[in-house]
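The values are calculated or read from the model by the stated rules, or taken from the named source; none is laboratory data. All values reported here derive from a predicted model rather than from experimental measurement. Heads up, the Cβs are rebuilt from the backbone with ideal geometry, glycines too, and the neighbour counts pull from every protein chain shown.
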Amino acid sequence: MIIEFIEFLHECPHLNAVRSNNESEILVISSKGLKKFKTNDLLEEVISVIMSDNINSLHNIIKEMNNSGFFTDLTIWHKSDKLCEVTYYLKATKVRTSFPDFGYILYPVKVASDAERWIVLFPDIKFRKDFLEKLDELQIELIKRRTIFSEIFIELFENLDFITETLKIRHELSGSQKEIIKFAYNQGFFEIPKKTSIKDIARKYGISESAAIRKLKRAEKKLLSKILKYI
């Protein structure tokens, strides 16, 4: 089993909808698979549930999808500030129709204005080779690919609590706490011997030494409280 992260650029209705909204991104959470649609011989794909960074970009993307003519029977079931439960049909791209012949797409699929990003599970190296040859045949621009070792992938799922708690830190640290602890780390404050002093850090941010220490200690406590229990 081989798991690959693949980033590529191709003509896809999702990409076109996202491109029209500057730096917006969406995650397609699931697909109900490919099927023949109505009396059409074309393969169509039913997609359900997409996520976006914020409701404004999501609203604009849905509007663009509705107006594009590439999506049919688009129905919104639920919408929140970051998630929209939506079903629709679209003509499957040639890359998408290669699955499951070559491997299996693991959702979510990330769609940004510059590329689509997939995680794909291939049964073995031959399936991966065949898929990459298919991309070349279709003249798909492959931007980046990286193998994810199956052991790491399994460990990731076994440690979802740790990953979730770690990701929460980004939202729990204040902007000034993030900035000061990153600066302190990059300047060598946590090395032995220290390459910078609390006085230098305080001067950098125009605050007293005691205020700099408090900010660093609070940031450290939040970081350690999330990590230590999993070590």
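Taking segment 167-193, which residues are surrounded by 15 or more Cβ atoms within 10 Å (Cβ to Cβ) and not in a helix (DSSP H, G or I)? Those that are surrounded by 15 or more Cβ atoms within 10 Å (Cβ to Cβ) and not in a helix (DSSP H, G or I): L173, Q187, F189.
Name the residues in segment 194-203 that are in contact with a helix residue (DSSP H, G or I) (Cβ under 8 Å, 6 or more places away or on another chain) and either under 30 Å from L156 (Cβ atoms) or surrounded by 14 or more Cβ atoms within 10 Å (Cβ to Cβ) (or both), would you?
Selection gives T196, I198, I201, A202.
Looking only at residues that are touching a helix residue (DSSP H, G or I) at 6+ places or on another chain (Cβ under 9 Å) and surrounded by fewer than 13 Cβ atoms within 10 Å (Cβ to Cβ) in segment 204-224, which one is nearest to E155 (Cα to Cα)? Taking the candidates together, the pick is S210. Residue check: D41 meets all listed conditions (1) acidic (D, E); (2) buried (at least 17 other Cβ atoms within 10 Å of the Cβ); (3) at pLDDT below 80 but one, namely (2). In segment 77-84 there is at least one residue that is exposed (fewer than 14 other Cβ atoms within 10 Å of the Cβ), assigned to a strand (DSSP E or B) and not aromatic (F, W, Y).
From R145, R117, grab the single residue that is of a type in the set (D, E, K, R), under 16 Å from H10 (Cα atoms), surrounded by 14 or more Cβ atoms within 10 Å (Cβ to Cβ) and modelled with pLDDT of 90 or more. Exactly one residue qualifies, and that residue is R117.
What's the total number of residues in segment 119-138 that are assigned to a loop (DSSP other than H, G, I, E, B) and closer than 16 Å to R96 by Cβ?
Selection size over segment 119-138: 1.
Within segment 86-118, the set of residues being of a type in the set (S, T, Y) and in a strand (DSSP E or B) comprises T87, Y88, Y89, Y104, Y107. Of the residues in segment 15-27, at least one is part of a strand (DSSP E or B), in the same structural domain as P123 (by TED's automatic domain parsing) and either modelled with pLDDT under 85 or not acidic (D, E) (or both). Take the conditions modelled with pLDDT of 90 or more and surrounded by 11 or more Cβ atoms within 10 Å (Cβ to Cβ) and apply them to R128. Does it pass? Here the answer is yes, as R128 does meet what is asked.
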